[in-house]
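Chemist: For reference, the structure I am asking about is given below.
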Amino acid sequence: LTQPATPDLLVSPSSQDGDLGSECPEDRGNWTGRLDFLLSCIGYCVGLGNVWRFPYRAYTNGGGAFLVPYFIMLAICGIPIFFMELSLGQFSSLGPLAVWKISPLFKGVGMGTILIVSLVAIYYNMIIAYVLFYLFASLTSDLPWQHCGNWWNTELCLDHHVIKAGNSTVPVNISNTVSPSEEYWSRYVLHIQGSSGIGDPGRIRWNLCLCLLLSWTIVYLCILKGVKSSGKVVYFTATFPYLILVMLLIRGVTLEGAWKGIQFYLTPQFDHLLSSKVWIEAALQIFYSLGVGFGGLLTFASYNTFHQNIYRDTFIVTLGNAITSILAGFAIFSVLGYMSQELGVPVNQVAKAGPGLAFVVYPQAMTMLPLSPFWSFLFFFMLLTLGLDSQFAFMETIVTAVTDEFPYYLRPKKASFSAAICIALFLMGLILTTEGGMYWLVLLDDYSAGFGLMVVVITTCLVVTRVYGMKRFCRDIQMMLGFKPGPYFRACWMVLSPATMMALLVYNIVKYQPSEYGNYRFPTWAEVLGILMGVLSCLMIPMGMVVAVLQEEGTLWERVQQASRPAMDWGPSLEENRTGVYVASLAGSQSPKPLMVHMRKYGGITSYENTAIEVDREMEEEDEEESM
């Protein structure tokens, strides 16, 4: 008796086999260490938003009362969608574009995501450039924004050191004055007086341009080898900010008058909760802070092993992120309280709300402390490390999304492709380095990831639960983790998350307010341009539908049905993880060789189709028994 031959379907994709070996795309790669994924997620979520955006949002939306909608939105939208994104990425090992093999009809959602991430990456790196500028400016014995009397200062400039030294019993009226740090930011760093508005950008500020070039160079060097290099950098960039934050927090709460600011931060003004704006701000803060809808979570999870415990990681990252935001609020508000005591004004008059909060208020506070350059350097170094790992994620998302679409051509040239993307986004960001660049940054900040991001997340939620099917999605998660998601997740995915976000979307449109920067109101054409930025990411969805339908055959309804079904190669990327219904179709994009060899030798995959049908029938019987 001859030994039965093992079908070539069981041959490992890595084994060499003549003419078909060259047709396999280069391996995607995985995280190389156990903590790479968790630290990358923490670094991605805990970003500039926690220091630059959260205290500012809390400060303008009722202080402590803001924490109520913040945690409600975290429970309803943040945690469930965070887990959904990680599950989709880990299950398929695909980026934000290729993952829409789950339902090719909605591939436009992935294109919308990439557009949003690209716009955010342009201005986010400009903020990192500002941080680098201040970091270098702190390398001095006397901070340049400490006193008036520089060429950029005006007669309105009032130095708090002069007030204290004057020892005057007559109270000084500071209502019509400007701090040295504010003039340093607006008149020296931005040189905004050289621009009359968004339509008059003025000249390029070469010192800012060089800082932007440096920030893009740092980002490129860290993502050069994909997750293999960025996964190691985050061991520093994700953990070091906590050390600095604790140091700043201890320094802040030991200052005289710190309790005033903390009281202002914690005292809830519940009348603010009746304003729809507060709830929208809370939801947007969750999106910005957790990075939900940006594709970064999905990208990071796609480099995991198939059985990584993302359920545990979800709670570690989301709750850790919320606690970090609150701690950063304490660090900021304790200093605001100290400043209000020093200047003799109420806490709510100390800071002017806006993107310059971290570049005006905190730098001014640093000048009031002994060893001010040291504390200033620490603060901006913390901002740098916080910003960089979020920017790594944005870039990794764009690069992974496109290379997964064209694995044969782009994966071997990933470093060159990453360089091309970095150069393109740097050139697009040059307008932000002009004298009127701050107007463009505010426009991008307000519109690039507003309602467009909500539409993308709502559509993703509805497609996974309604089109792909909740039962099927829960079964996929069970394949990975060994258990199905509980009723909390199912209720949020089916009803609570999409319903809450739809309500927020409607509120966002009804209560629309034009952008402004200080006293400057944006012209109508700039508003229209901003709205188009948001609308374009939404238009990607119907455009993707048209393309998907045209690629199918039959009547229009048949085409729509075929395009909405998962692609043949949807499922786990490795053969050993493809069980049950996924035995029938191996992932062509990851390892096409075994399937091709099998089809050549056996003329089809009939026996495997039969196996899958039997598994399906068993699963249906189990479901019927459960429902009875």
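The values are calculated or read from the model by the stated rules, or taken from the named source; none is laboratory data. Everything numeric in this text was worked out from a predicted model, so none of it was measured. Glycine gets a Cβ as well: all are built from the backbone with ideal geometry, and neighbour counts include every protein chain shown. The area values use the complete protein model at the heavy-atom level, side chains included, leaving out ligands, DNA and RNA. Shrake-Rupley method; radii C 1.70, N 1.55, O 1.52, S 1.80 Å.
Chemist: Restricting to helices (runs of 4 or more DSSP H) lying wholly in the stretch 49-137: which have 2 or more residues that are small (Gly, Ala, Ser) and out of contact with any Asp or Glu (no Cβ under 8 Å at 6 or more places or on another chain)?
Modeler: The helices (runs of 4 or more DSSP H) meeting that bar are 79-92, 107-137.
Chemist: Checking ALA449 against (1) of a type in the set (Gly, Ala, Ser); (2) more than 21 Å from ILE116 (Cβ to Cβ); (3) modelled with pLDDT under 90, which test does it fail?
Modeler: Among (1) of a type in the set (Gly, Ala, Ser); (2) more than 21 Å from ILE116 (Cβ to Cβ); (3) modelled with pLDDT under 90, the lone unmet condition for ALA449 is (2).
Chemist: Please note which helices (runs of 4 or more DSSP H) are completely contained in the stretch 265-349 and include at least 1 residues that are open to solvent by 20 Å² or more (accessible area, probe 1.4 Å) and in contact (Cβ under 8 Å) with a residue 24 or more places away in the chain.
Modeler: 276-290, 310-343
Chemist: Hey, another quick one. Of (1) under 30 Å from SER276 (Cα atoms); (2) in a helix (DSSP H, G or I); (3) not polar (S, T, N, Q), VAL560 satisfies all except one. Which?
Modeler: It fails just one condition, (1).
Chemist: Additional query: Criterion first (open to solvent by less than 20 Å² (accessible area, probe 1.4 Å) and of a type in the set (Asp, Glu)) does GLU396 satisfy it?
Modeler: In short, yes.
Chemist: Let me ask something else about it. Determine which member of the set GLY62, GLY112, GLY149 is under 23 Å from SER372 (Cβ atoms) and of a type in the set (Gly, Ala, Ser).
Modeler: One residue alone meets the criteria, GLY149.
Chemist: Would you point out the residue of the stretch 563-576, among those that are part of a helix (DSSP H, G or I) and charged (D, E, K, R), that is least open to solvent (accessible area, probe 1.4 Å)?
Modeler: That would be GLU575.
Chemist: Name the single residue that is farthest from VAL278 (Cα to Cα) among those in the stretch 497-506 being crowded, with 16+ Cβ neighbours inside 10 Å and not small (Gly, Ala, Ser).
Modeler: Looking at the filtered set, the residue picked out is PRO498.
Chemist: Do you know which residues across the stretch 507-545 are open to solvent by 90 Å² or more (accessible area, probe 1.4 Å) and under 23 Å from the mean Cα position of the chain (by Cα)?
Modeler: TYR507, ILE509, LEU532
Chemist: Here's something else I'd like to know. Go through the stretch 473-492 and report how many residues are more than 26 Å from the chain's Cα centre (by Cα) and exposed (fewer than 14 other Cβ atoms within 10 Å of the Cβ).
Modeler: Result for the stretch 473-492: 5.
Chemist: How many of the residues making up the stretch 130-156 are modelled with pLDDT under 90 and in contact with a Gly (Cβ under 9 Å, 6 or more places away or on another chain)?
Modeler: Of the residues in the stretch 130-156, 0 are modelled with pLDDT under 90 and in contact with a Gly (Cβ under 9 Å, 6 or more places away or on another chain).
Chemist: Let me ask you something else. Taking helices (runs of 4 or more DSSP H) that do not extend beyond the stretch 386-449, which have at least 3 residues that are touching a residue at least 60 places away in the same chain (Cβ under 8 Å)?
Modeler: Here the list reads 414-428, 437-447.
Chemist: Right, something else. Taking the stretch 218-236 as the search range and keeping residues that are surrounded by fewer than 23 Cβ atoms within 10 Å (Cβ to Cβ) and of a type in the set (Ser, Thr, Tyr), which one is nearest to LEU425 (Cα to Cα)?
Modeler: Here the residue is TYR220.
Chemist: Tell me which residues, restricted to the stretch 87-105, are surrounded by 24 or more Cβ atoms within 10 Å (Cβ to Cβ) and not aliphatic (A, V, I, L, M).
Modeler: Of everything in the stretch 87-105, those that are surrounded by 24 or more Cβ atoms within 10 Å (Cβ to Cβ) and not aliphatic (A, V, I, L, M) turn out to be SER87, GLY89, GLN90, PHE91, SER92, SER93, GLY95, PRO96, TRP100.
Chemist: Then there's this: Checking PHE377 against (1) open to solvent by 40 Å² or more (accessible area, probe 1.4 Å); (2) free of Cβ contacts under 8 Å to residues at least 40 places away in the same chain; (3) part of a helix (DSSP H, G or I), only one condition comes out false. Which one?
Modeler: The one condition PHE377 does not meet is (2).
Chemist: Being farther than 18 Å from ALA301 by Cβ, of a type in the set (Ser, Thr, Tyr) and in contact (Cβ under 8 Å) with a residue 12 or more places away in the chain is the requirement here; does THR32 meet it?
Modeler: Spelling it out, it is not the case that THR32 is farther than 18 Å from ALA301 by Cβ, of a type in the set (Ser, Thr, Tyr) and in contact (Cβ under 8 Å) with a residue 12 or more places away in the chain.
Chemist: Test of understanding: among SER196, SER179, SER215, which residue is of a type in the set (Gly, Ala, Ser), assigned by the TED database to the domain that holds TYR130, open to solvent by 60 Å² or more (accessible area, probe 1.4 Å) and out of contact with any Cys (no Cβ under 6 Å at 6 or more places or on another chain)?
Modeler: That would be SER196, the only listed residue that is of a type in the set (Gly, Ala, Ser), assigned by the TED database to the domain that holds TYR130, open to solvent by 60 Å² or more (accessible area, probe 1.4 Å) and out of contact with any Cys (no Cβ under 6 Å at 6 or more places or on another chain).
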